[in-house]
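The values are calculated or read from the model by the stated rules, or taken from the named source; none is laboratory data. Here the structure is a predicted model, which is why all the values come from computation and not from measurement. For neighbour counting, all protein chains shown are included, and Cβ atoms are generated from backbone atoms with ideal geometry for every residue, glycine included. Note: accessible area is taken over every heavy atom of the protein model, side chains too, but ligands, DNA and RNA are not part of it. Shrake-Rupley method; radii C 1.70, N 1.55, O 1.52, S 1.80 Å.
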Amino acid sequence: MPDTDPKSTKYTGRCLCGSIRFEVKSELNDISACHCQQCRQWSGHFWASTDCPTELLTFISSLTSLTWYKSSDHARRGFCATCGSSLFWKLNKDGEEGDYYAISAGSLDDTSQLKTKRHIFCRFKGDYYTLEDNIPREET
Ligand SMILES: [Zn+2]
Ligand SMILES: [Zn+2]
């Protein structure tokens, strides 16, 4: 009974070109929109993401195109080297891997069950847009 199996696939996702595809066997939290400068530079606007425990994300494609960029002393960001899609953020401090992936909301095939629950790092947001929804905002 796949529908009740807690380990069955709940979400699938992919990059723009489809070289990188993955399955998520976890319920996902609602979406956080991060307005920090790194997320804005990396994604081209602000970055919307959700978290998944590392062991519940399975790659179902070759990993040839998945490239990791060390974006700070405590994190790295995974993207597709073929099409450029921003896909993952992961804690990585002193070579120690974090236990979850932050996944780009835009890479998920079906987000009909997800909502944006908060804006974070709003004090660093771009000057060219305003946040006019009623979603909670955090300055950091
Ligand atoms: Zn791609
Ligand atoms: Zn950010």
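Just list whichever of LYS70/LYS117; LYS10/LYS93; LYS25/LYS115 have alpha carbons separated by over 21 Å in the model shown. The answer is LYS70/LYS117; LYS10/LYS93. The label point for ASN29 and the one for ALA75, both projected 7 Å from the Cα toward the Cβ, are 1.2 nm apart. Scanning the chain for trypsin sites (Lys or Arg not before Pro) lying in DSSP loops with no more than 12 further Cβ atoms inside 10 Å, the longest uninterrupted stretch between such sites is 8-114. Take every DSSP beta bridge whose two residues both sit in the chain; close to 85 percent of them are antiparallel. Across the accessible surface of the chain, with the other protein chains kept in place and a 1.4 Å probe, carbon and sulfur atoms take up 49 percent.
Loop exposure criterion: GluC sites (Glu not before Pro), DSSP state outside H, G, I, E and B, at most 16 other Cβ atoms within 10 Å. Applied to the chain, the longest stretch between such sites is 28-131.
Computing FRET efficiency as 1/(1 + (r/R0)^6) for TRP68 and ASN134, where r is the C-beta to C-beta distance and R0 is 41 Å, gives about 0.70. Does the stretch 11-124 come out rounded, prolate or oblate by the C-alpha gyration tensor, with a ≥ b ≥ c the root eigenvalues, rounded set by a/c under 1.5 and, if not, prolate when a/b is larger than b/c and oblate if not? Cα axes put the stretch 11-124 in the rounded bin.
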